[in-house]
Amino acid sequence: MVVIVDTITNPLRPRHPEKVNRPDSASPPKPDWIRVRAPNTRGYADTRNIVRSNGLHTVCEEAGCPNIGECWDKKHATFMIMGDTCTRACAFCNVKTGLPNALDAAEPRNVAEAVAKLGLAHVVITSVDRDDLADGGAEHFAETIRAIRAACPTTTIEILTPDFLRKEGALEIVVAAKPDVFNHNLETVPSRYLTVRPGARYFHSIRLLQRVKELDPTIFTKSGIMVGLGEERHEVQQVMDDLRSADVDFLTIGQYLQPTRKHHAVMRYVPPDEFSSYEKVAYTKGFLMVSASPLTRSSHHAGEDFARLKAARAASAR
Ligand code: SF4
């Protein structure tokens, strides 16, 4: 049996208390096409120093992202605000769960400083779920956007938010802060929600994305799913249709990888040609941008993708 222990903040507290007593679930061995760059370059070390010296968390580390060697070498880090502890307990996610600490009022400024030091042209900000806060952390998101705008006026800002379930008015606060890209991931197909994402509601997430566009049509909207969690192909196509009904611009599809044996098993490694096929189908359904590959993650190459997204919107308006 594998016991997951958080040795960084408290050696006695498991990182995922709710998963400790679950049986182990084994995934098949990784295929050749899942290859990642080792995190040992100078750029990687520089990025890590800036993250540490500003006391920040990144989803790159907390979620154990396979692209960290490549992204951090290029000084692309995705900041995770509102702490390192999540109030949900999704079956796929490696972020620590439990009762989070109070918000750090200095965090928006610290994030903005790190963005300036890294010289980012495009930054992605995400967060843990904060169901314990009255507004789900919406105002903190808005403050972070405003702090980055003030410190780095030319940097474009992409946010990847929780679902703000049962947080009336929260979405409006975040949209009013005018991020350039609003991303909210569906994570999986609706039939897998109860097992994979039990604290969320599929149609609430679809509606959230649709509402962003209703509130401010200038904001690009983006969403993503993981495959390899037991979904059927026709279900992925239905998700594409649902997202297009919500006027979502950009779809990402990547392979689910199991963080530990206590997490949901990988049911299948989807081969690269199936990702290419999903990409073609998604474009025919009208997305402005699609990224589908085994190592696609919502923030992977986000800067380059944002430039392509803008160009695609301009071309479609002609
Ligand atoms: S893909 Fe995103 S989460 Fe992963 S290392 Fe790159 S920036 Fe971080």
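Rule-based calculations on the coordinates, nothing more; no lab input. For clarity, every value in this text was computed on a predicted model and none was experimentally measured. A quick note on method: Cβ atoms are made from the backbone with ideal geometry, for glycine too, and the neighbour counts reach across all protein chains shown.
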Hey, rough spin-label estimate for ARG22 and THR218, points 7 angstrom out along Cα→Cβ, what's it come to in nanometres? 4.3
Can you pull out the GluC sites (Glu not before Pro) in the range 128-198 that DSSP calls coil and that have at most 16 other Cβ atoms within 10 Å? GLU168
With Cα springs under 10 Å, the Gaussian network model of the chain assigns the largest mean-square fluctuation among VAL196, VAL36, VAL174 to VAL36
Test of understanding: in a Gaussian network model of the chain with alpha carbons linked when under 10 Å, which of LYS75, LYS213, LYS285 would top the mean-square fluctuation ranking? LYS285
Stretch gain in nm, segment SER191-ARG244, where the contour uses 0.36 nm per residue and the Cα spacing is subtracted: 17.2 nm
10 Å-binned pair-distance histogram of the range 129-194 (Cα, whole percent): 20, 46, 26, 6, 1
Would you look at the GNM of the chain, springs on alpha carbons closer than 10 Å, and say which of SER277, SER291, SER127 moves the most? SER277
Once label points are set 7 Å from the Cα along Cα→Cβ at both ALA307 and ARG13, what is their separation, rounded to one decimal in nm? 4.3
Run the count for the chain, please: Lys pairs, Cα-Cα under 21 angstrom, 8 or more apart or on different chains. 20
Between LEU99 and ASP273, with labels modelled 7 Å along Cα→Cβ, what's the label distance in nm to one decimal, could you check? 5.4
Rg and Dmax of the chain over Cα atoms: what are they, in angstrom? 18.6, 60
Over the chain, the sum of -39500 (n - 2.57) across DSSP H runs of at least four, divided by residue number and rounded to 500 deg cm²/dmol, gives at 222 nm -11000 deg cm²/dmol
Can you tell me how much longer the chain between ARG201 and ALA176 gets when fully stretched, taken as 0.36 nm per residue apart minus their C-alpha distance, in nm with one decimal? 6.6 nm
Place the peptides 261-267, 90-96 in order of packing, highest mean first, counting for every residue the other Cβ atoms within 10 Å and averaging per peptide. 90-96, 261-267
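Over the range 20-114, what is the relative contact order in percent, taking alpha-carbon pairs closer than 8 angstrom and at least six residues apart?
With pairs under 8 Å counted, the relative contact order is 27 percent.
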By the Kirkwood definition, with r running over pairs of different Cα atoms, the range 176-305 has a hydrodynamic radius in Å of 15.0
